[in-house]
Structures are given as structure tokens and as C-alpha cells.
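Asker: Structure in C-alpha cells, see below.
The values are calculated or read from the model by the stated rules, or taken from the named source; none is laboratory data. What you see is a predicted model; the values in this text were computed from it and never measured. Note that each Cβ is placed from the backbone with ideal geometry, even for glycine, and that neighbours are counted across all protein chains shown. For the accessible areas, the whole protein counts, side chains as well, though only heavy atoms, and no ligand, DNA or RNA atoms are used. Shrake-Rupley method; radii C 1.70, N 1.55, O 1.52, S 1.80 Å.
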Amino acid sequence: MQKLRVPINSFQFGEVSDSLLMRTDSPVYASSAQSLQNMIVMSEGSVKKRDGLKHIHSYSDITYSASQPNRSHLFRFMFSDDEQYIISIEHLKVNCFHLEAGGDVTLVDTLASVAGQAYGIPFDQDYLNEYTVAQYGDVMFICHPKFMPHMLSRTSLTSFAISRFSFDERLDGSVIFQPYTSFQSNGVTLDPDKSSGTGAVLTVSQPYWTAEHVGTTIRYQDSEIEITSVTSTTVAVGDIISELKVRLSVLNPLRVKTNSSLVEVTQLGHGYSGGEAITIQEASSVGGISIANINGARNVFGIIDENTWTYNAGGGATSSEDGGGYVRVVTHSPTVEWSEQAFSGVRGYPAAVAFHENRLCFAGTLSQPDAIWMSQIGSFFNFDVGDADDTDSISLVAATGTVNEIRYMTSNRDLQIFGASGELYVPTYLNQAITPTNAQIRLQTPYGCEFTQPISVDGATLFVQNGGKVVREYLYTDGEDAYTSTAVSTIASHLITGPKYMTVAHGGFGTAESYAVMTNGNGDIALFNSNRSERRASWTRLTTSGSFDSVCASHGRVFANIYDENGAMHFCEFTGNIGLDRYVTATATAAGEVTVSSAFADGETVAVVSSDGLSYHGAYTVASGKVTVTGGSAIEYHVGTAFTSEIITNPIDASTGSGPVTGGVRGVGSAILDLRNTSSVKVNGYSKSITGQISGKHEFRVLGYNRDPQITIQQGEPLPMQVNGLIAELII
């Protein structure tokens, strides 16, 4: 019989899949575990019990429903370092929680739809997990293809208001600075029956109109018409907001000849047949014909071709000349140059929103899933493309050969774009802003993004691959001169089971590390930590007595919605060394009676610990909204539900002079654990009597034989535990 001492110096690679159990040659194997449940991997490689969940708020109107599992979506709203909020978007409702400087969290405002009173709250529990937001100053923009973007505005320290996004308009109201798109097929004409006024009959050459077009705006050349009714698929009625006119695209489009009053006009695709009443505006004198005689009400005299027509001026020319400058023609002739507002109930609304290079960016409507619109620089409500000046609005389409349904955008090194079938980006240029003339969309990788908000961690952007089984990091590499999407969940693939919500906590869980926190479809949390400079990454699993739902972080503070075992939802914060979930802190009466009705229902089993979190007072059943602590007194207690923390090592393995012992029957005689500030621990079922807290190296006898001998470290009591590493005595 031979005894070997096998060290496990760290757990820096976290929990790994059992598919790696034969990779005893890998450095990952020696510094990982088969299970790390409710443990946090620290930068040194040690693991500690996760923070407990402090109860903040119970949602009185939310209970679990398998058919509608997404009932609250949490978002961070950060106005300044000392004015931070967590926003809960719910069905037809918004709850606003203020993060106070002392650590308390207070519900400061609730916005809800009231019968008979419209608050403009379109939020629907069927789609809450798909909502995207972007914040600038005291306004948060909220988007989904089912409704016009809405704005949640902070109006004071403790109050908010919600409103529908609206585009800027020209002072006279004649132009709305919104995006327009030509949705009709090539060659389809729009023929208004007049050039101004209300009740204009709008006839199209192919079926186009639907009842949903009522209230939308159509652009005829540069003029706008609001649809008031729809008669048929080819006929609609509208009010002309500004007189219908065309700015001729050709500079100096007028040609005259000596001693003739006939003016030849170049107008591409004019659509005239002859005899139409038109008005010439803004033309300069040509060939000696005065401005007054060139401009004014006229009739189309003759048609030369589809791009050229003539009219008679008020006087004859003294020379042959091309001129006129930039000319406008008032007309209501049929035209193929017409478009429709891009955002509407007919065409859908943006799915994604972000701020990038001082522009507000929208992307991905139902009718244009692969389009992006960027506002004018510094004018977030102005999407007028103008003359393509550097500050004008930008409109892009990801014409990559396949339709990329854009779901999210992230402003990072570049404007990163995550679609259902691939990852793209809009490049940022060195010492040069994105402008209408240099903006472009580039396709990078083909994996696609699930409906889970991508987040930035350790210089990369994490996203969940379409299908919900792989997490990848979107990272620009100089060697490739492109973005790559490397899978980071490979070694812990079993922990990725359809992530729904994802957030990042910088300096979270009482450490200096950054953690990605993602809620799985099974109600667990997969926790990811990355340190690229040290080539280290780890995954662990967090569970609770119930299930996790939406998660959100503000700097190092991590918040979560959890469903309890009765299906009620609670808003909580990971905080402190209290080994309890959904815990409340209260002072007992002299008889040890503690009121817990704010968080627990009668009949629930709860655990009680002392105010310092170091003494466990046992389990109790809630009755009449209270528990009575045996032997208790008028002191402060924490009351909540206990959770189990567990470390299961990979099978203890080694190589001897005759080769590896992998697969052979072998045993573990003892384990020496390096503990820190630990109040309770059990190793392979054997517990150690601890008074207060212990630190240092402690030996546990754990004799047993197996082909895959493992060491299981557990703690079921709601007390602190930290394991820095261990030495196993392997018997072969």
C-alpha cells in the first residue's frame, strides 16, 4: 500500500464538466472542481461561500406562471455615483428602487396603467425578457418591436415619469425629423389628386394600403402627408402637411433657346403626361428671362421623354443657356419617389437601442430587421438624413446576403451588433467620427445571439449563442484584424441551460473581481469570472430554495428577483456574510419574537442567525407573521432561508513510477483543508466541532475506497466558510 499527498492548491478554473474527468494531464483539472455550488471563486484561487440575499421588496401582484415566466425585468438606472436606481419593468407597470448611500434600497416610485387614465405604459409580460434599454443623463430609452420607444425620465430624486418617444419637428410643423423608408416594390407610383389641403386622395399603382396605415406619415418627395383613412388597398385619404413639391435633383435643370419662351426642364422620372398645372419656385433667371417670368404657375406644355418636359415662360430668352440653379416644382403628379415612416404599427418599432459617439442609435424593426438608424450628432430626437453632412443622421442596412435580425447593440470599441444569425459591427475610425459617408456594417461571426442582453467583461463582450447552450466572448484581435467569438463555457457546458438574463458586477460579492451573472432557464445562476491577463476563467453555480429570475448589478452591488417555493416573487440583494436567502433583519421582543411577515408567509420554514452572522439559532416555522426564537431576547436577528454550499473535487488522481492510477481502486485517507474564517464545515459527511470561527490548516479523516475517490466539502448551516485549498492523502 502506497500513500501519496495530492495538492489542490486552488479552484481558479471553477466548476468543470464531467466530460473533462479524464483530462488529468491538464492544468485545468488540478485547479478546478466537479461541483462548486453557492461558492465564489476569488482572485487568489480560493473559494468562499456566496453572500446571502437580503429581502428588499415583495411583489404583491406577481406569482410564478409557467406560461408567463418573465414577470419583471431589472435594469440599472445610474444618474450619478450617489443617485443610482434599479428599475423593475413589469406588465403595464414600472417600479423604481433608489440605492441609498448607506446601503439601503427604497421603493421610491411606481408608475402603472390606471383604468380610464393613459400613462403610456405598453409593457407586456409576454415580451419583458426581450426589452432593451439605453440611458443618457436622467432619461432611459426602452425599446421593443411591439411599441414605439418609450422614455423613463427621472424628474426628481424620488420620482419618475414615462412618455412616448417623439421626433423633433420643424418649427412650423411641416416636417417630422424621423426615418423614412420606401417599402413599396420598384415602379409602384403614388398619385395624389392635389398638391395641398386636406382630404387628398392618394392612389397607388399596386395594392399597398392597410387599415393600420391610418395615422402614419407618407413622404411625397420632400413633403409629408398624414393618412386619415384607407378606402381600399390602392386608395387612401390624407392631409397634406406641406405643399407637395419636388426639388429637382439636377443642378441648373432649365434650358432655354434664343427668341423662345419654351423652357426645357430636366426632371428624372417626372411622371407627367402633359397639361398638368405646376408651379416653378426658387429658380434663378436663365438666358435673359427674368426670375418673375421663369417662376410662377404654369402648365406642362410637352413631354420629350421620361426625364424631360417643357413649359412656356412669361417671356422670351435673349440667349441660349442652361441654368436656374436649384429648382423646386409644385406638383402632385404620380411619382415613384415616395416613402413611409420607418417606425409605425404597420412596420414595427426598433428592437435595439444604444448610444454611440454622441448619437442615439435604433435598430431592427419588424419590417427592417437588419437596419440601423443613428441620430444627428448631439440631437437625439433628430433623424433627418439631410444632405449627408458629417453631423447628419445615418441610415444603414446590413446587406450581407442574409437577413440579420438585430436584437442588441453594445457601444464598446466599436458599435457591436448582435443578431439572431450573426455578429456584426460598425467600425470606429481613428481620429475620425462615424459619418454618413464612411459608416458601414461588417459581418464577423455566424453564431447568432439569444434573447439575452450581451455584457462587457474583462475587455470582451459576452453573449449567449442562439439556442442558449453556449456563451461566447466577442473580442477584437489584432492578429485577425477582426472580431472573434470564442466559446468560454466549454469547460462548464453543463452550467449553461438557456440563460435568460445577464449582468456584470465589477467588484461584486465583496471581492475586487468582475463577475458575469446569468440566470438559467432552470432557475439557477451561472457565475462567470475572467482574468485574461492571467489566462484564468471560472464558472460556478448559485442556487436558492426556489428559483432565480431577472438579475441586475450596479457597480459591485448585485440584485436578483427570486421566486420562493410558493411561487411568490421577491426583490433581493446579494450582500454581507449572512448565509441566508430572502433574509430580513429585525429586533426581537423581550420574549424573542421576531416579525417577518414582510418576506415570509405562514407555514414557511426559516433559519435564524445572530446579528453578526456567526451564531446559528436553529430553524423555525412562521406563524402569524412571526417566529419566536428559543431562549431569545430583545436583540437583533437575521431571519431567512438557509442554502447549502458544496465543493466536490475532481477524482483525486496521481501518477506513479508505474504510470497513472486513473481508474484503479484507490482511497482517500484524510484531507487537510486550509480554511479561513469558517464557522461550520463537513468533509465527506464528517463534521468538525467549531466554536466561533477557525482559520488555518485542519485535518479531516475521510477513509473510503473508490475508482473515482472525491472529497466533498459541505456546509448546510447559514454560517461563513472559505476554503483556500486542500491536501488529499491518496492510498493506492
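Asker: So which of S174, S195, S153, S166 ends up being in a loop (DSSP other than H, G, I, E, B) and at pLDDT 95 or above?
Answerer: Answer to the selection: S166.
Asker: Separate question: For segment 642-666: of the residues being of a type in the set (S, T, Y) and under 30 Å from K54 (Cβ atoms), which is surrounded by the most Cβ atoms within 10 Å (Cβ to Cβ)?
Answerer: S645
Asker: Here's something else I'd like to know. Just a yes or no: is a residue in segment 308-328 modelled with pLDDT of 95 or more, hydrophobic (A, V, I, L, M, F, W, C) and open to solvent by 40 Å² or more (accessible area, probe 1.4 Å)?
Answerer: Looking for residues that are modelled with pLDDT of 95 or more, hydrophobic (A, V, I, L, M, F, W, C) and open to solvent by 40 Å² or more (accessible area, probe 1.4 Å), one finds none in segment 308-328, hence no.
Asker: Among the residues of segment 619-641, write down those that are open to solvent by 60 Å² or more (accessible area, probe 1.4 Å), touching an Asp or Glu at 6+ places or on another chain (Cβ under 8 Å) and not in a strand (DSSP E or B).
Answerer: S624
Asker: Hey, another quick one. Please determine, by comparing only the residues of segment 334-350 that are of a type in the set (G, A, S) and open to solvent by less than 10 Å² (accessible area, probe 1.4 Å), which one is farthest from G288 (Cα to Cα).
Answerer: This residue is G348.
Asker: Shifting gears a bit: I'm trying to understand the selection: among the residues of segment 241-258, which are in contact with a strand residue (DSSP E or B) (Cβ under 7 Å, 6 or more places away or on another chain) and farther than 16 Å from D193 by Cα?
Answerer: The answer is R247, L248, V250, N252, P253, L254, R255, V256, K257, T258.
Asker: What is the residue count in segment 240-262 for residues that are open to solvent by 10 Å² or more (accessible area, probe 1.4 Å), under 28 Å from G187 (Cβ atoms) and assigned to a loop (DSSP other than H, G, I, E, B)?
Answerer: 6
Asker: Further question on the same structure: Picking from F160, F79, F75, which residue would you name as being in contact with a strand residue (DSSP E or B) (Cβ under 8 Å, 6 or more places away or on another chain), closer than 19 Å to Q453 by Cβ and either in a strand (DSSP E or B) or open to solvent by less than 20 Å² (accessible area, probe 1.4 Å) (or both)?
Answerer: None of the other options fit; the residue is F75.
Asker: Right, here's the next one. Anything in segment 59-72 that is open to solvent by 40 Å² or more (accessible area, probe 1.4 Å) and in a strand (DSSP E or B)? List them, or say none.
Answerer: S60, D61, T63
Asker: Among the residues of segment 702-725, how many are in contact with a Gly (Cβ under 7 Å, 6 or more places away or on another chain) and without any contact (Cβ under 8 Å) to a residue 40 or more places away in the chain?
Answerer: 2
Asker: Take the residues in segment 4-33 that are polar (S, T, N, Q) and open to solvent by less than 50 Å² (accessible area, probe 1.4 Å); name whichever of them is nearest to the chain's Cα centre (by Cα).
Answerer: S17
Asker: Identify the residue in segment 151-198 that is among the aromatic types (F, W, Y) and under 30 Å from E306 (Cβ atoms) and, among all such residues, is farthest from the chain's Cα centre (by Cα).
Answerer: Looking at residues that are among the aromatic types (F, W, Y) and under 30 Å from E306 (Cβ atoms), I get F183.
Asker: Identify all residues within segment 699-714 that are modelled with pLDDT under 95, touching a Lys or Arg at 6+ places or on another chain (Cβ under 9 Å) and open to solvent by less than 60 Å² (accessible area, probe 1.4 Å); write none if there are none.
Answerer: Of everything in segment 699-714, those that are modelled with pLDDT under 95, touching a Lys or Arg at 6+ places or on another chain (Cβ under 9 Å) and open to solvent by less than 60 Å² (accessible area, probe 1.4 Å) turn out to be F700, P709.
Asker: Then there's this: So I372 clears everything in (1) within 19 Å of the chain's Cα centre (by Cα); (2) part of a loop (DSSP other than H, G, I, E, B); (3) crowded, with 22+ Cβ neighbours inside 10 Å except one condition, right? Which one?
Answerer: (2)
Asker: Have a look at A505, A553 and point out the one that is without any contact (Cβ under 8 Å) to a residue 60 or more places away in the chain, closer than 27 Å to I56 by Cβ and either of a type in the set (G, A, S) or open to solvent by 10 Å² or more (accessible area, probe 1.4 Å) (or both).
Answerer: After applying the criteria, what remains is A505.
Asker: Can I ask one more? Go over the candidates T400, T435 one by one and state the one that is of a type in the set (S, T, Y), touching a strand residue (DSSP E or B) at 6+ places or on another chain (Cβ under 6 Å) and over 19 Å from V139 (Cβ atoms).
Answerer: After applying the criteria, what remains is T400.
Asker: Anything in segment 275-295 that is open to solvent by 20 Å² or more (accessible area, probe 1.4 Å) and in a strand (DSSP E or B)? List them, or say none.
Answerer: A277, T279, Q281
Asker: Given (1) open to solvent by less than 50 Å² (accessible area, probe 1.4 Å); (2) on the phi > 0 side of the Ramachandran plot, identify the lone condition not met by V265.
Answerer: Among (1) open to solvent by less than 50 Å² (accessible area, probe 1.4 Å); (2) on the phi > 0 side of the Ramachandran plot, the lone unmet condition for V265 is (2).
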